[in-house]
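Only one structure is covered here, and it is reproduced in the block below.
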Amino acid sequence: MGPSEELVSKFQVKRLLKQDQNGRRISILGTIEDQQAIFTAERAPFATESLEVIQAFHAALTKINNLGDNDVYRWYLASADSDSRRTRPELEHDLKLNLIWPCSEKHIKKYSDQQLRMVTETPEIYKNQVRPYMQRNREEGRLDWIFNILEGRTEQEDVLLRDTTQGPDDSFLMLPDLNWDRKTMSSLHLLVLVCRRDIWSLRDLQKGHLPWLKYLRQRVLEATVSMYPDLDQDQLKLYVHYQPTYYHFHIHVVNVMLEAGATQATGKAFGLENIISQLETMAGGDEASMADASLTYYLGEASELWEKIFAPLKKHS
């Protein structure tokens, strides 16, 4: 070991400065020979250079612990086998795994790498083409896993809050998002599911829903900081996806420090507070809605919306 490498072993840990990249990178304050030093460590990306390497990774998975399942979705904590993990139990379960089985062609497209396109969905395009697409998706039974939760058949042990204060039609529940490890506060991610079925997406929100939306927002913030006392309300971000993955209205609740990946990017995430403000300033009565606005967002080229609606529109524009 050379002089430079020896510095790493001489580093004396004092305290954690920061954890980011969804927990993959940490910065630590310490000292080397009585002088302050900052040590940053980052986990290497998964090795994917060959099918054999990927197969070896899968074969090395151990101590798989199921966190829950619903319909075709399952999620786990696991470890990639190594000598250090066999001798250090506290290093177990350093991987979060999701499994979709059996998966559909739509799942494959969603999780495949693809080029993105920005599109503008006018009220006319929404009414004449996108809304019928949503209708077909709902009729194909792709919301069964949501209804399983709402109707008490699955994941009830995970429900953190079920609020019926505003009556059965306006009730909602909150549970951990399946991508959260349920312990790291900096990457907190909760999901709010409304029980009513007439709101498929943010497009169905109307001025008449404002009192309910404001109550929902405040109740979720208060409940979250009550359950997780290390957080304050102004450390939470509430947003809605458009287009959403499934057409039943739901809200994401995340730690504002969670690094914004693709799902929180402009063109995908719409802040709940901004939606409320837009509804408040819309002309018209209680029936004025987000369906009356043009929305700009991105789509993958493999998505059905791009292939069947927006690509043909672009071709003929």
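The values are calculated or read from the model by the stated rules, or taken from the named source; none is laboratory data. Fair warning: this is a prediction, and the values are worked out from it, not measured in the lab. Ideal geometry is used to build each Cβ from the backbone, glycine not excepted, and the neighbour counts take in all protein chains shown.
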- Message: Tell me whether region 144-163 contains one or more residues that are within 30 Å of Lys63 (Cβ to Cβ), without any contact (Cβ under 8 Å) to a residue 40 or more places away in the chain and in a strand (DSSP E or B).
- Response: no
- Query: Got a number for residues in region 164-194 being in a loop (DSSP other than H, G, I, E, B), among the hydroxyl-bearing types (Ser, Thr, Tyr) and surrounded by 18 or more Cβ atoms within 10 Å (Cβ to Cβ)?
  - Reply: 0
- Hey, does region 195-208 have a residue that's in contact (Cβ under 8 Å) with a residue 60 or more places away in the chain, more than 17 Å from Met290 (Cα to Cα) and buried (at least 18 other Cβ atoms within 10 Å of the Cβ)? no
- Task: Considering every residue within region 90-103, establish whether at least one is at pLDDT below 85, farther than 19 Å from Arg74 by Cα and either part of a helix (DSSP H, G or I) or small (Gly, Ala, Ser) (or both).
- Result: yes
- Message: I'm told Arg142 meets every condition in (1) modelled with pLDDT under 90; (2) over 20 Å from the mean Cα position of the chain (by Cα); (3) surrounded by 11 or more Cβ atoms within 10 Å (Cβ to Cβ) except one. Can you identify the failing condition by its number?
- Response: (2)
